[in-house]
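Following: one structure in structure tokens, then a few remarks.
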Amino acid sequence: MASSKLVPLADAVDRFVPDGSSVAAGLCLEAMIPFAAGREIMRQGRRGLTLIGPISDILFDQLIGAGCVARVQAAWVGNVITGSGYNFRRAVESDALVVEDHSNLSMAMALKAGAMGLPFMPMRSALGSDLFSTNPGLRRIACPFTGETLAAVAAIVPDVALIHVQRADVYGNSHAWGCLGVMRDAGLASRHVLLTAEEIVPTELISRDPNRVVVPGLRVSAVSHVPWGAHPAPVPGHYNRDHQAFLDYRDQSRSPEVFARWRKRWVDGVAQPEDYLGLLGEERMRALRLQHRGFSEPVDYGY
Amino acid sequence: MASSKLVPLADAVDRFVPDGSSVAAGLCLEAMIPFAAGREIMRQGRRGLTLIGPISDILFDQLIGAGCVARVQAAWVGNVITGSGYNFRRAVESDALVVEDHSNLSMAMALKAGAMGLPFMPMRSALGSDLFSTNPGLRRIACPFTGETLAAVAAIVPDVALIHVQRADVYGNSHAWGCLGVMRDAGLASRHVLLTAEEIVPTELISRDPNRVVVPGLRVSAVSHVPWGAHPAPVPGHYNRDHQAFLDYRDQSRSPEVFARWRKRWVDGVAQPEDYLGLLGEERMRALRLQHRGFSEPVDYGY
Amino acid sequence: MPAYNASELMICAAAREIADGEVVFVGMRLPLLGFLLAKATHAPRAVGVYELGVVRAETAPAPILTMGDLPNLHRAAWLADTADVMGLLQSGRVDVSFIGGAQVDRFGNLNTTRVVGAGGAATRLPGSGGACDLACLARRHVIIMAHEQRRFVPQVDYITSPGYGTGPGWREREGLPRGGPASVITTLAVFRFDPAICEMEVASIHPGVSIGELRSKTGWPLRISSTIIETPAPSAAELAMIARFDPKRFWTGAAG
Amino acid sequence: MPAYNASELMICAAAREIADGEVVFVGMRLPLLGFLLAKATHAPRAVGVYELGVVRAETAPAPILTMGDLPNLHRAAWLADTADVMGLLQSGRVDVSFIGGAQVDRFGNLNTTRVVGAGGAATRLPGSGGACDLACLARRHVIIMAHEQRRFVPQVDYITSPGYGTGPGWREREGLPRGGPASVITTLAVFRFDPAICEMEVASIHPGVSIGELRSKTGWPLRISSTIIETPAPSAAELAMIARFDPKRFWTGAAG
């Protein structure tokens, strides 16, 4: 009865990530990062984006290096296993990028406020820190009941959330599992949700376990089928983290020149998501696939 | 390595629900209501309790009728399919009970504040209503960013949450599925969590699906094995709602005299949880068991 | 014309309040049946949201009496926390909701908490549940209740679920972000609200009901729409479908 | 005595900060290895919490480099939302956490956001991540960092993670509900804080390090505990266990 939302990733990005959008991504922090969607944004040469997320590993650094980004609202931007993100550093140090500093909790609460339809949320973090100096979405308030000093975090309502999941149907119903980070609240907060999925499955496979749905289908605008769509980040049930790719990226981003070569090879040279797998190579994919399985016990939703 | 928290229900109630406790229950609203724990509280003659919950179907009415309760913080107290709760009405109308009126959302936000370690949460509901007249935990505030009028809801931190789940291990790790209501936040908010479980299972069955854990084991104080522990409320995977029991209860609670008979038969006459099943009878249990199964698709947490 | 009772007529009227594709906060009793009827007729793409944390686009596979009944969870689109579905509501993503009531006034303020009798004695009712939230936060809400003089009062004894308060501008002043009652479906008539004065007026009158009866059972001077019609009676097909959703006539029995 | 490097010594010192049964907000790099070492030795009942939304009581079944690595999710005790585990932290249920830093001052204020060089040019660092939250909200936190003069400064350029601010009473005045740094583990020494003045003092000095070296690499007049000891060197058993958790010496390699 509903209509299909399944479209090629290029179409989804073209339609739902225009220039100037605010884009939430990296919402599970270190896992399930939507790297394929990020590459498509670079390929389409998007400009003036605001990137939103707690910790995106190197995704934000890539988009910043490609010139797509005007502003970042994040708790941490870099390379999780090597430290600094060099494109990010260069952009900030040359005043090419506005940064609003968050902590993981302030980002979680800003997105929770967005998800709940509220203009702010209170928290007890960040008090005494200099996050207040760069982030206009932080203020000190007094609790209306106890008088205690609290921090208030302004809601963040992204234009679009890029979310990678394990399996989805064509209507945007999906299952995600593992560490969920701020995925649930970011998906609910955003005006559009663009799903990339390892597998497209029949609706009944999703509806047989409705507690496994993290972002409900009615809030999803587009679904794209992108196997290995989070590589080099890990995806529970599918593949491990490709640590070598993150180590390599450190060297591939040290200067604008080497980054341009990285971009040519891994982004511009890859017209279709399938081509990326060819570039990656079967041997590398084999090494990343799960070696030990760990299946859940089914549960019964009968009546 | 951890030590077992498995105890008989009578011991759990004796230890964790002393006179004067604030007790959260009915946290999934109409399903998985901890009726067995409620009966044990009546059996032990607890006094001066504060009951906390959004909609508890007839559980709160029973505890009020048994004289256990001094105060109620709830959105709705009655019999879901027949309307009024007669013990509740009698107690309020004779000034024997203090009621703080909530809505479902204000209760959800009060418990979320408790779960998040915050003294309050904002919301947009209740404005213009008379809930403010009975509930000192509601105040009007201005958003520190937008200036909009909002309602602030004071945190609720129950002394103990009574939570019924489908399966738990002896350490308090558990799986719950179905409609979850405010179970997650109430469990996290409360000083103690008392679990009753349809099944006690090996730890590895729980840890094979850690996304299915709603309240983490480290926040659980006691686990009791109580099959049919939510009857007459439904439990996904186990049994349907016993509508007739709720219809019967309407008549069994119309006057203090008939309620005393109900209590004698269903509470005081039932020393052990097992005895309740005998009273219920195999035929009735058979009619309530699931007729149609609906199993979830497993997911893989391998590496 | 097939025989029907007031409950069945009200269910049909409730179903008509739902447009195809809308997100509906469903509630219990007659509204639940109205939602199921709408899904089975003109609004197959309507999505139901339940305060327990349930979202479902497909009709439950077996009749249900409460929203927590297991067939309502089976193959749901989403089973989440109450706070998650309340977030949909609070952020304006719920189009229409339904609320029952014990007392209502001309501005659609609703009381389900505490009624003061003629002698001054108060009767305690169950309270808000989610009703206050729906009245505050849905894009529009529909009130469904029995039409009796003691229920249609000049002023409710307690505002559980805000309507238009004291009239135009009140909701804005109180901080309510949107909404307000769109209609009132009673055992005698359907009312809608004149936006200029925020007061309910008779939009359609049920077959066999007179304006005089309506006036005598309403505790304020009744306003009548210039375009008043007769409420359409249920069709045989609608009655058959209602019977399928309530096979034991639990909600549509003789009591009506 | 077995050979070891500064990283291994710091891991052993970090492990000693964890008591059995404590709830530990783990973090990355050396603290992660310190937590695993503590679990394998004196604190088998310690529970690890990770900001991705992970709680686990058992050691991961394979070595991990990041907290999101799949072995860290396998058979976890709880996989939830970041907000859920941050709720544990904010409500005071996390006993100890670990934080790295680029700059620290005598009051334990920590900077991982922006460092201003001698010439006035600013270097941008990755930022807080969860560090600010841990420093604000854990019952106590432990700082782990390299000991260099440019890092141990009179005043940090940006307070990413609050320590004791300007001294006694500052955290209370700012509204921080509890906590503060308990110790600082560096490549040269372990510091603890004198509660009377909230300033760090040398509690133990690593084998082979002189007080003079410490003073020369610290940008303020150094305070030394009257009970100063030598930091215990790692045992062979500890080193073997660290090697098991970091088999490729990713974090414990020559760079130290």
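Just so you know, all these numbers are worked out from the coordinates, no wet-lab data involved. Being a predicted model, the structure only gives us computed values, none of them experimental. We place every Cβ from the backbone using ideal geometry, glycine too, and count neighbours over all the protein chains shown.
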Rank B:PRO227, B:PRO136, B:PRO236 by mean-square fluctuation in a GNM of chain B with C-alpha springs under 10 angstrom and give only the top-ranked residue. B:PRO136
Please identify, among D:GLY119, D:GLY179, D:GLY108, the residue showing maximal mean-square fluctuation in a Gaussian network model of chain D using a 10 angstrom Cα cutoff. D:GLY119
Only Cα pairs within less than 10 Å get springs; with that Gaussian network setup on chain A, which residue of A:ASP248, A:ASP185, A:ASP268 has the largest fluctuation? A:ASP248
What is the mean number of Cβ atoms from other protein chains located within 10 Å of the Cβ atom of each residue in peptide A:31-42, rounded to a whole number? 1
Net charge, A:TRP228 excluded, C-beta distance under 15 Å - Lys, Arg +1, Asp, Glu -1: -2
Report the calculated FRET efficiency for A:ALA96 and D:ALA236 (r = Cβ-Cβ distance, R0 = 51 Å), to the nearest 0.05. 0.50
Taking the dipole about the Cα centre of the protein assembly as shown, with the C-beta of Lys and Arg at +1 and of Asp and Glu at -1, give me whichever of C:LEU176, A:VAL13, D:LEU37 is farthest to the positive side. C:LEU176
Within 10 Å of each Cβ of C:60-66, how many other protein chain Cβ atoms are there on average? 4
Between their Cα atoms, which of B:LYS5/B:LYS112; D:LYS39/D:LYS217; B:LYS112/D:LYS39; A:LYS5/A:LYS112; B:LYS112/C:LYS39 are more than 30 Å away from each other? D:LYS39/D:LYS217; B:LYS112/D:LYS39; B:LYS112/C:LYS39
Where does each of D:4-16, D:202-214 land if you order them by average Cβ count within 10 Å, highest first? D:4-16, D:202-214
Copy-to-copy label separations for D:PRO44, where each label sits 7 Å from Cα toward Cβ, in nm and ascending: 6.2
A from B by rotation - nearest chain B beta carbon to the axis, in Å: B:PRO298, 3
If each K or R counts +1 and each D or E counts -1, the residues other than A:LEU127 whose Cβ falls under 9 Å of its Cβ total +2
Relative contact order for chain A, counting Cα pairs under 8 Å that sit 6 or more residues apart, in percent: 20
Filter the DSSP H helices in chain A by two things, a Kyte-Doolittle mean of at least -0.5 and an axial alpha-carbon span of 15 angstrom or more, and list the hits by number. A:104-116
Cα-based Rg then Dmax for chain B, in Å, read 19.3, 62
The set of residues whose placed amide H lies less than 5 Å from the amide H of B:HIS192, leaving out same-chain residues fewer than 5 positions away, is B:VAL160, B:ALA161
Which value in nm describes the separation of the simple spin-label points at D:ILE197 and D:GLU172, placed 7 Å from the Cα toward the beta carbon? 2.0
How would you rank A:81-88, B:116-123, highest first, on the average number of other Cβ atoms within 10 Å across their residues? B:116-123, A:81-88
Measuring nothing but label to label, 7 Å from Cα along Cα→Cβ, what are C:ARG150's distances to the other copies in nm, shortest first? 8.4
Ascending list, in nanometres, of distances separating the D:LYS248 label from those of the other copies (7 Å, Cα toward Cβ): 6.3
Taking the beta-carbon count within 10 Å as an exposure proxy, list B:ASP159, A:ASP169 from fewest neighbours to most. B:ASP159, A:ASP169
